[in-house]
1. For the pair Asp137 and Arg42, how long in nm is the line joining their label points, each one 7 Å along Cα→Cβ?
2. In nm, what is the difference between 0.36 nm times the number of residues separating Thr30 and Ser106 and their Cα-Cα distance?
3. Cβ under 12 Å from Ser106's Cβ, Ser106 left aside: what net charge do those residues give with Lys, Arg +1 and Asp, Glu -1?
4. What label, among (i) 21.2, 75; (ii) 20.6, 63; (iii) 17.0, 53, belongs to Rg and Dmax of the Cα atoms in Å computed from the structure on display?
5. Would you mind putting 81-87, 51-57 in packing order, based on average other-beta-carbon counts within 10 Å, highest first?
6. Once the dipole of the chain is set up with Lys and Arg at +1 and Asp and Glu at -1 on Cβ about the Cα centre, which of Leu55, Met1, Leu139 lies farthest towards its positive end?
7. Can you give me the pair-distance distribution of segment 20-88, C-alpha pairs, 5 Å bins, whole percents?
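Since every read-out is calculated from the coordinates, none of them should be taken as a lab result. Computed from a prediction, not measured in an experiment: that's the story for all the values here. Note that each Cβ is placed from the backbone with ideal geometry, even for glycine, and that neighbours are counted across all protein chains shown.
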Amino acid sequence: MIRSLETTVVPAIDPGHPLALEQADLIVKTLHMLRSQLPQRRAKALRELDRYTTLTEEVRTVAEWPPEIMTRVDESLRAARSVRESTSAECVEIDEVTASLATAVSDIVRTARTSDVDVRRSVDRTILDASQPLLDDELSWFASQGWSNSSPHN
């Protein structure tokens, strides 16, 4: 399919439509990226799950959170551990559990807004510390498309 796009479709695009050429080139590059990264997709999903699990565990211990928050956090952490231990978990399942962890962290962040300043700062610091590795992973995933990490932390 990629070869057909490169040898047949893209050359057939009217050069008078530079936006169409640009979009076609972007599609071809994206397909190349997906083809090369597909074998690493599960490892990337598990790495992200691990990072969110650690983040969730860390923000969980910052303060005493309301029981309904703790229930959601603990359920998400249990699901994460179960998926992590599974050798057959599909990427979709891993991504869903990671999203539930992200939601649990968001619940804590929203709850922290009404907490004292030390709790808010601790939650903020924990989130910020965890964000750089997540951002680095995302940027490295898309580096083949020309994205780069211009972070001052590197």
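1. Reported label-point gap for Asp137 and Arg42 is 1.7 nm.
2. That pair, Thr30 and Ser106, stretches by 24.3 nm at full extension.
3. Numbers: positive: Arg72, Arg110, Arg113; negative: Asp107.
Charge balance in the 12 Å sphere: +2.
4. Working out Rg and Dmax of the Cα atoms in Å from the coordinates points to (ii).
5. Answer by packing, highest mean first, reads 51-57, 81-87.
6. Final value for the positive-end residue is Met1.
7. 3, 14, 17, 15, 11, 10, 9, 8, 7, 4, 1, 0
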